[in-house]
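Quick notes on the structure that follows.
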């Protein structure tokens, strides 16, 4: 067989990055993080050796996958495209795209393969169960529920669906007629994000948050499908939140993914013996990441557990240990294993690309699929990332905010060669002068991830005060990293903000410099200064010898007070700094030898990311709102060209041809 592959707040959260360009002698090629709503991919792995056998193109926002019972067809729910991709497994060709009309997510299929059920959610805050005829690849019917529905299961006879209904007038486990999609009854129980059914269909297990109130009492409710009554309640740890669940192929074990309520507890997969309905053990994932969806090999010897939404851990079920990890492009939610156990499908919700553009011709050389920057088409809550090229020109690193990983691009092949799991919501990335380390600012986990670029091993550096780390830079000698820690939401004008200084020899924060609302940072070429764009809106100059502010220049009255990241770039000779505040269409050219604004340049709609070409003649300005990129001629201090991208741009790095 051949496989042909290929937060919520009313505040805007803008994040971007200045990245150091590589050698000025090589041909200049821009790698632009181009978001959003591009096609997603499904990575196909051989389960025997864990090697990737191919990659399928599907619709935007791939969420989950389901195999047909004969293993010949795979169905992929495309959340943003609001459709289901029907893929021929042998070739990877998309046979059909079934329009659903809502944000499509979890699916289940009947044992005969004739009917596929899918869940969806629309902007009217209504969930749907959609019934699909797999012979004609058409929607038979869709029924709305004024509730948030969790994952669902179908009984082996195909007659009944079980799905948990949360945040509704009648919360509980819905018993739904699979033919009419009418609710037969509701079994009272707490809200749930997971469900599993035994292979014989006699019992349904539902991890719930408990009945509510204090103390917190999560549990697993066991439902007898013959009587639709709860026959057992299995208490879970009150320090953990239960999530997704799965039962082993022989029906002997229930695995429940749980994540901690408090930082002093580790995420765990809890194992319950179904013959006693008692907890029999548990295990941690590699790196103690948060577990998600679980799938078992048909023979039950291996299992795969989504790790932190950005990777998948391979579990030996005999030893109950994570033995290896698989990384892929985007955020993984719903994997699937083929009925013969040979193939593992990992849908990537990545919906952004790296647009590879030649500086000289301004022509597009490639479009490289990346991870997830923005989960949806809701532009109120944009998610952003950054880019950096290794000084040796071999690689480009791009952060994926929504999938919490970094895509490592090989500049020779123009392909992603590795996805590295970082902290939560990574934003800025910068590479050490010897190309041996990458440093990533993680906004929602208040940390910096250090990546060994040879082994891709990671180390986490916690920031000493709680902030949103975003923009990041490194001294020319590689001895210190500077990362902006912006304010938390909500602010009310009282949050403390910093530029943190990290000693790269010890990976310790050695200084915390108070600066109001720091939104962009860059080091001078001689390493004596660090420039910071800060609140309302100033260009601050920090002495790297004393870690103190030695100068400030008012750029404009006003500017962001929420966690917004703007753009900043320094010319190779160190005499000019270009900066913006990520709020309007102005880019400021500052003569830092005279500490004055040399020019104010109108560019695009809301430029954010700024990167100077290796030859020092142009500034390339991405744009948070428009789908184009502005090229500024430095000598003339004006926009000389506008490149259409098809989406917003949130990171620019110059790499090798």
Inset, instruction - For the range 207-221, name all the residues that are at pLDDT 95 or above and either more than 16 Å from residue 259 (Cα to Cα) or in contact with a helix residue (DSSP H, G or I) (Cβ under 8 Å, 6 or more places away or on another chain) (or both). - result: 221
Inset, instruction - Among what's in the range 324-362 and is closer than 15 Å to residue 314 by Cβ and crowded, with 24+ Cβ neighbours inside 10 Å, pick the residue that is modelled with the lowest pLDDT. - result: 328
Legend entry - Residues of the range 433-448 satisfying the condition of being crowded, with 24+ Cβ neighbours inside 10 Å and more than 18 Å from residue 373 (Cα to Cα): 438, 439, 448
Inset, instruction - Return the pairs, sorted by first residue and then second, in which the second residue is surrounded by 13 or more Cβ atoms within 10 Å (Cβ to Cβ), the first residue lies in the range 540-556 and is more than 13 Å from residue 513 (Cβ to Cβ), the beta carbons are less than 6 Å apart, and the residues are 6+ apart or on different chains. - result: 551/541; 553/539; 554/538; 555/537; 555/539; 555/588; 556/537
Inset, instruction - List the number of the failed condition for residue 50; all other conditions in (1) part of a loop (DSSP other than H, G, I, E, B); (2) farther than 27 Å from residue 316 by Cα; (3) in contact with a strand residue (DSSP E or B) (Cβ under 8 Å, 6 or more places away or on another chain) hold. - result: (2)
Legend entry - Filtered residues of the range 161-177 (kept if surrounded by 20 or more Cβ atoms within 10 Å (Cβ to Cβ) and either at positive phi or part of a loop (DSSP other than H, G, I, E, B) (or both)): 171, 172
Legend entry - Out of 101, 113, 150, 158, sole residue that is surrounded by fewer than 21 Cβ atoms within 10 Å (Cβ to Cβ) and within 20 Å of residue 61 (Cα to Cα): 101
Inset, instruction - Please give the number of the condition residue 280 fails out of (1) over 22 Å from the mean Cα position of the chain (by Cα); (2) surrounded by fewer than 16 Cβ atoms within 10 Å (Cβ to Cβ); (3) assigned to a loop (DSSP other than H, G, I, E, B). - result: (3)
Inset, instruction - Scan the range 621-648 and report the pairs whose first residue is on the phi > 0 side of the Ramachandran plot and whose second residue is buried (at least 20 other Cβ atoms within 10 Å of the Cβ) and modelled with pLDDT of 95 or more, with Cβ atoms within less than 7 Å and a gap of 6+ or a chain change. - result: 637/601
Inset, instruction - Kindly indicate the residue of the range 496-515 that is buried (at least 21 other Cβ atoms within 10 Å of the Cβ) and within 28 Å of the chain's Cα centre (by Cα) and also farthest from residue 557 (Cα to Cα) among those meeting that condition. - result: 502
Inset, instruction - Give the range 234-251 a look and list any residue that's surrounded by 16 or more Cβ atoms within 10 Å (Cβ to Cβ) and under 23 Å from residue 201 (Cα atoms), or say none. - result: 234, 242, 243, 244, 245, 246, 247, 248, 249, 251
Inset, instruction - Consider residue 271 carefully, then state whether it is surrounded by 22 or more Cβ atoms within 10 Å (Cβ to Cβ) and at pLDDT 95 or above. - result: no
Legend entry - Answer residue from the range 541-570, given it is more than 19 Å from residue 476 (Cα to Cα) and in a strand (DSSP E or B) and is modelled with the lowest pLDDT among those: 564
Inset, instruction - Would you be able to say whether some residue in the range 139-148 is on the phi > 0 side of the Ramachandran plot and in a strand (DSSP E or B)? - result: no
Legend entry - the range 76-98, residues that are outside any strand (DSSP E or B) and surrounded by fewer than 19 Cβ atoms within 10 Å (Cβ to Cβ): 90, 91, 93
Legend entry - Among residues of the range 288-316, those that are surrounded by fewer than 18 Cβ atoms within 10 Å (Cβ to Cβ) and modelled with pLDDT of 90 or more, counted: 5
Inset, instruction - Could you please find all residues in the range 54-75 being buried (at least 19 other Cβ atoms within 10 Å of the Cβ) and not in a loop (DSSP other than H, G, I, E, B)? - result: 55, 56, 62, 63, 64, 65, 66, 67, 73, 74, 75
Inset, instruction - Could you check how many residues of the range 416-432 are surrounded by fewer than 24 Cβ atoms within 10 Å (Cβ to Cβ) and not in a strand (DSSP E or B)? - result: 3
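The values are calculated or read from the model by the stated rules, or taken from the named source; none is laboratory data. None of these values were measured; they are calculated from a predicted model. Cβ sites come from the backbone with ideal geometry, for glycine too, and all protein chains shown count toward neighbours.
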